[in-house]
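First the structure, in the form of structure tokens, and then the observations on it.
The values are calculated or read from the model by the stated rules, or taken from the named source; none is laboratory data. This is a predicted model, so every value here is computed, not measured. Because the Cβ atoms are built from the backbone with ideal geometry, glycine has one as well, and the counts that use them run over all protein chains shown. Remember, those area values only see protein heavy atoms, side chains included, never the ligands or the DNA or RNA. Shrake-Rupley method; radii C 1.70, N 1.55, O 1.52, S 1.80 Å.
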Amino acid sequence: GRVPIDKKAAKKLVSSCDDIRFSIYGHRAEHALEVQLPFIQTLFPGAKIIPIVLGGYDWPTCKRVGKAIAKVIKNKKALLVASTDLYHGESYTNCKKISGRTLEAMTRLAPKALCEGLQSDEYQACGGGPVVVMQVAAKALGADKARLLDRTNSNDVTGQRGGYVVGYGAIVVYKSNPRQESPHISYEPLDAPVQKELLRMARAAIEYYMVHGEIPEFEPKYEVMNEKRGVFVTINERGKLRGCIGHHESDAPLYKLVPQMAVSAAFGDPRFPPLQPEELDKIKIKISVYLTNVYKINSLEEFQMGVHGIIMRKGARAATYLPEVPVEVGWKTIDEEMASLCQKAGLPPNAWKSGAEFWVYKTQVFDESLLTQ
């Protein structure tokens, strides 16, 4: 099936880095990127991609390309995927040994050392360059952990021994979760003038981005807008969801985070196409500013449906619902919300009953109807 390309982001990337150019040549006979597309289409229908094939590489090149990617996608909800095989050869024993060594190096999240090891043949991965570039970009965006999810090889998959064998592995690179040890912190609700100013900033950011392709700079009109809190921005069009993106961490001031999340909700929610100019007068912006940090709970007995937002995490999958979602949907029981949360995370409806972890938070919600008051 066809997959749309984010042409605007691709142009920005090419213009920002001399190592990157538009070309069909690298895509003619190379399938490493192509084989990822069915998974992307299944998990993120309608998502746009920036397809990059890397040829010869060294550490300075990987560093420049990785930093350029991070800069272009820093305000987008983006998934970085590096596609590679590991060992290729005739020895099952060497495949297990060398692929294991390579995967271990990849999980250290030390891209320079990985690059040097790949070039000296200490590690083997035909797509090693893209892995190094991905790790550079991920670290620039805040990632600090890498974890091996699984490993195998073509002999183990087919049940045969001997002959040609290829090593495989799957690694996730991510930002570690400081919420696990965080105390419960509460914030004061925002006054009406502050709410109105944040709503104006959100719309102004969307309108400016639509014309200029970048987020404008704002100054905090009120001191409280310097507070670092989590934020979600939701866009509705004629009563229906049109985009919703948020940031849980208390690591950015409100006057910066609200415009960023507004632009992400308008143009970066993979469930919807980018907002168009003719829709501007049809949308209503809603902001959810956190009244607490996100903190871990030991049992769902501590969760109050309709009062708390909740994050469920199981393995590598996670999903969240804002506090008002159960009320809007009409759920009557926690079981209903948990089942839907599991499905949102791509898990079976009852996956929450065993091995899942939960975090909660409270929000203050206001929308543009406030501007008419």
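Values computed for the structure shown
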item	result
Förster radius 45 Å - calculated FRET efficiency between ILE185 and LYS97 (Cβ-Cβ, nearest 0.05)	0.40
Restricting the range 203-256 to GluC sites (Glu not before Pro) in coil, as DSSP defines it, with at most 15 other Cβ within 10 Å	GLU214, GLU217
Theoretical ellipticity at 222 nm over the chain - DSSP helices of four or more residues, -39500 (n - 2.57) apiece, nearest 500	-10500 deg cm²/dmol
Pair LEU148, VAL14: separation of 7 Å Cα→Cβ label points (nm)	4.0
Coil-residue trypsin sites (Lys or Arg not before Pro) of the range 307-369, DSSP, other Cβ within 10 Å capped at 10	LYS332
Accessible surface of the chain, 1.4 Å probe, proportion on carbon and sulfur as whole %	51
Exposure of LYS286 as accessible area (Å², to 10), given a probe of 1.4 Å and all protein chains	20
Relative contact order (%) - the chain, alpha-carbon pairs under 8 angstrom, separation at least six	13
0 to 90° range, to nearest 10: angle between helix 334-344 axis and the chain longest Cα axis	40
Which of PHE44, TYR25, VAL132, positive extreme of dipole for the chain (C-beta unit charges)	TYR25
Nearest-ten-degree value, helix 7-16 long axis tilted from longest Cα axis of the chain	70
Cα-Cα over 26 Å, subset of LYS175/LYS314; LYS71/LYS228; LYS48/LYS221; LYS48/LYS96; LYS67/LYS362	LYS48/LYS221; LYS48/LYS96; LYS67/LYS362
Amide H contacts of GLU227 (H built 1.01 Å from N, under 5 Å, at least 5 apart or other chain)	LEU254
Unsatisfied cross-links (Cα-Cα over 31 Å) in the set LYS76/LYS240; LYS74/LYS284; LYS63/LYS296; LYS139/LYS284	LYS63/LYS296; LYS139/LYS284
Nearest 10 degrees, 0 to 90: helix 92-107 Cα axis against the chain principal axis	30
SER250, SER186, SER264, reordered so the largest accessible area comes first (probe 1.4 Å)	SER186, SER250, SER264
Mean separation of Cα contacts under 8 Å (6+ apart) over length of the range 226-266, as relative contact order %	48
1.4 Å probe accessible area per residue over the chain, in Å²	54
Inverse mean reciprocal Cα-Cα distance (Kirkwood Rh) of the chain, Å	22.8
For the range 230-243, Karplus couplings with θ = phi - 60° (6.51, -1.76, 1.60), whole Hz, Gly/Pro x	x, 8, 10, 10, 10, 10, 10, 10, 6, x, 10, 4, 10, x
Restricting the range 250-285 to trypsin sites (Lys or Arg not before Pro) in coil, as DSSP defines it, with at most 16 other Cβ within 10 Å	ARG271, LYS282
